[in-house]
1. To the nearest 500 deg cm²/dmol, what mean residue ellipticity at 222 nm is calculated for the chain from DSSP H runs of n ≥ 4 alone, each contributing -39,500 (n - 2.57), summed and divided by the residues?
2. At 1.4 Å probe size, what's the solvent-accessible area of residue 140? Round to the nearest 10 Å².
3. Would you mind telling me which residue in 224, 151, 200 has the biggest mean-square fluctuation in a Gaussian network model of the chain, where springs connect alpha carbons within a distance under 10 angstrom?
4. Report the extension gain between residue 98 and residue 350 in nm, rounded to one decimal, defined as 0.36 nm multiplied by the number of residues separating them, less their alpha carbon distance.
5. Could you work out the relative contact order of the chain, using alpha carbon pairs under 8 angstrom and six or more residues apart, expressed as a whole percent?
6. How many angstrom lie between the C-alpha centres of the stretch 90-119 and the stretch 1-75?
7. Kindly give the semi-axes, whole Å and largest first, of the ellipsoid equivalent to the chain, taking each as the square root of 5 times a Cα gyration tensor eigenvalue.
8. Less than 17 Å from a label point 7 Å out along the Cα-to-Cβ axis of residue 265: which backbone N atoms in the stretch 20-41 qualify, by residue?
Amino acid sequence: MQYPPHGANFQSLYERFQIPMPEMVYDLSENVNAFGFPPMIKEQWFQLLNKISVYPHPEAEPLRSLLAKKLNVQRETLLLGNGAAELLTFFAGRFSNRKVIIVHPTFSEYKMTLEAQGAELIELVVQEIETYRLPIVQIKEHMEEAACLYLCNPNNPTGSLIPKESIEELLICGEETGCEILVDEAFMDWTEESESVIPLIGRYPNLTVLRSMTKMYGIAGIRLGYLVGRKELVEELESRLPHWHVNALAIEIGKMCLEDENFRRESIAKHASIKRNLEHFLRKHQCKTTNSVTNFLCFQLTDPEETRDFYFYCLRNGIVLRHTENFIGMDGKWLRIGVKREEAMKKFQQVMDEWYGK
Ligand SMILES: Cc1ncc(COP(=O)(O)O)c(C=O)c1O
């Protein structure tokens, strides 16, 4: 059976598995903010139309300078992208015929983009899924031969946080062995940011940090991401990216998102409270859960062999979860669930209660 590589687009999932789609479907397979986007975007929508017929600024200004100021980094060390996904593709382009370490289970695009560019992968697996504790000794050994190490922090699909000091330890090791580190912080804005390594950029030339704005700000369809790294790397990537790759709407909308810190704060608080209830519910059913700091988490049924049956039971009942068939180390024995509005979470709980015959 061919499972899709990502969450979202649930209509095609029902088609693929030839399951009749219920009238009401709740998509818990993706990780975008359940409360949409900052209200200012809707309020200013008609003014935004003026931007459509004009080419965007080729260096994504004024957003680039505003963001650099907010992050307290030099403008030359910052590069915006048409979603973090675009930057991942171009970043991977630097590693053809070179070795790159990835630590599973993690975001599937690393493997896909690196393999597409002809990189040779060193694939390690964490010892414990719940905490996503890194196999530091093993990683360090392989850093001797690798050009780069990819880390996802907080990790997708588990939502767990890697402590900053572990990353710094690896950065020091990488400096000695000539290994770069890419830290994908696509979900870091769901936290207090204390574990972000953006403040370490000036200190470690082998560090690049990737960020997405699509999840927190609910703008997955607009596409906006960025990376922070050494100036030479930014110049190199910029020379290969298409001109005008960040569209004019994304630049304007990005500015609005940055201005609305309140939206971020409220989103974190609302999701945290719903997530607490969800974790409580899952534990009541004796499920294992990952220690997530983000707006999604993974859980495992008491009998992991029943995971596929439960996944399809949920689909038939209008609940779309994210399977883990293509997450190495989870091998389909876990399910990822996005934290969504109360109505969706209630429906999920009802379906799970029914599954357990309650
Ligand atoms: C860990 C991680 N990094 C990067 C991305 C890509 O984000 P964007 O929507 O900005 O392309 C995703 C999207 O799911 C993700 O989960």
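The values are calculated or read from the model by the stated rules, or taken from the named source; none is laboratory data. The structure displayed is predicted, hence computed values, not measured ones. Please note: Cβ atoms are built from the backbone with ideal geometry, for glycine as well, and neighbour counts cover all protein chains shown. The area values use the complete protein model at the heavy-atom level, side chains included, leaving out ligands, DNA and RNA. Shrake-Rupley method; radii C 1.70, N 1.55, O 1.52, S 1.80 Å.
1. On the way: 13 runs with 136 residues, N = 358.
That comes out to -11500 deg cm²/dmol.
2. About 70 Å², rounded to the nearest 10.
3. 200
4. On the way: separation 252, 0.36 × 252 = 90.72 nm, distance 4.91 nm.
Working it through step by step, the gained length comes to 85.8 nm.
5. Working: 666 pairs, mean separation 88.6, N = 358.
This gives 25 percent for the chain.
6. 24 Å
7. Numbers: eigenvalues 209, 140, 68 Å².
So the three semi-axes of the chain are 32, 26, 18 Å.
8. Correct set: 38-40.
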